[in-house]
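Scroll down for the structure; my scribbles are underneath it.
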Amino acid sequence: MPRNTDASGGAPPRIRAARSRDLEAIRSIYNEAVRTTTATFDTVPRTRREQRVWYSAHEGRYPVLVVEAEHRVVGWASLSAWSDRRAYQDTAELSVYVASAHRGHGFGKALMVGILEAGCRRGLRTVLARVADGNPASRGLHLKVGFVPVGVMHRVGKKFGRLLDVELLEFHWEPEPGPRH
Ligand SMILES: CC(C)(COP(=O)(O)OP(=O)(O)OC[C@H]1O[C@@H](n2cnc3c(N)ncnc32)[C@H](O)[C@@H]1OP(=O)(O)O)[C@@H](O)C(=O)NCCC(=O)NCCS
């Protein structure tokens, strides 16, 4: 499968801020990953109500972006609060999900670059990401845009009957002011 070429034939992916009417598309993409991957440690699909609560927690400081192909939302990315302890206020956690039928076309990378730029504009200082064992696409994507590994937490999750390690990665805008393209 070609990489970093958009499914619509080479035009740059259309990245934009999410709106409340995107929530069902975001939920559907997320729930596909809940059901079929270890990318998220949720094991039960998110309800409409939970999706709305999640979205309302992102109003203000924490951006949510979507990517469109042929006028349909095919992926999304967000920055979320890492902790409610005040000293962590400039640290966020990144999530990125692309619908399985649209992976490998550069949408994930475009979302990552967009969400890191949005976080930089909002004054965040550090972005963390947790990547479960056995997700080379996610690990590769994070390394590609400048995340660096921090370390591995061993056997911290259990999904599909398997105990899973989780790697923590971090991204800092300093000393470079922005994600690598
Ligand atoms: C991870 C994910 C978002 C990547 O999205 P994508 O649109 O397929 O990725 P892109 O096509 O933009 O690829 C960008 C880079 O990611 C890396 N990458 C993507 N797929 C990869 C794979 N299967 N194996 C290794 N590296 C991969 C590569 O570095 C790639 O750059 P390259 O094309 O120059 O080699 C997507 O696979 C996905 O949604 N997976 C399920 C959810 C998930 O794992 N989310 C992350 C939670 S931690």
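The values are calculated or read from the model by the stated rules, or taken from the named source; none is laboratory data. Quick caveat, the model's predicted, so the values are computed rather than measured. Cβ atoms come from the backbone with ideal geometry, glycine included; neighbour counts cover every protein chain shown.
With respect to being in a helix (DSSP H, G or I), out of contact with any Cys (no Cβ under 9 Å at 6 or more places or on another chain) and within 15 Å of the ligand (Cβ to nearest atom), GLU50 falls outside the description. With ARG72, ARG49 as the choices, which residue is farther than 28 Å from LEU164 by Cα, in contact (Cβ under 8 Å) with a residue 40 or more places away in the chain and basic (Lys, Arg)? Result of the check over ARG72, ARG49: ARG72. Exactly one residue out of ALA129, ALA101 is in contact with a helix residue (DSSP H, G or I) (Cβ under 6 Å, 6 or more places away or on another chain), closer than 29 Å to THR43 by Cβ and among the aliphatic types (A, V, I, L, M), and it is ALA129.
For the stretch 76-115, the candidate set comprises residues that are near the ligand (Cβ under 7 Å from one of its atoms) and part of a loop (DSSP other than H, G, I, E, B); within that set, the residue that is nearest to ARG27 (Cα to Cα) is ARG103. Filtered by the rule that a residue be in contact with a Lys or Arg (Cβ under 7 Å, 6 or more places away or on another chain) and under 23 Å from PHE171 (Cα atoms), the stretch 68-105 gives ASP90, THR91, GLY104. Annotation note: of LEU128, LEU111, LEU94, the sole residue that is touching a Leu at 6+ places or on another chain (Cβ under 7 Å), crowded, with 24+ Cβ neighbours inside 10 Å and modelled with pLDDT of 95 or more is LEU111. Note on the stretch 161-175: among residues that are surrounded by fewer than 17 Cβ atoms within 10 Å (Cβ to Cβ) and among the acidic types (Asp, Glu), the one that is modelled with the lowest pLDDT is GLU174. If you go through the stretch 8-18 one residue at a time, do you hit one that is more than 18 Å from LYS109 (Cβ to Cβ) and out of contact with any Leu (no Cβ under 9 Å at 6 or more places or on another chain)? No - not one qualifying residue is present in the stretch 8-18.
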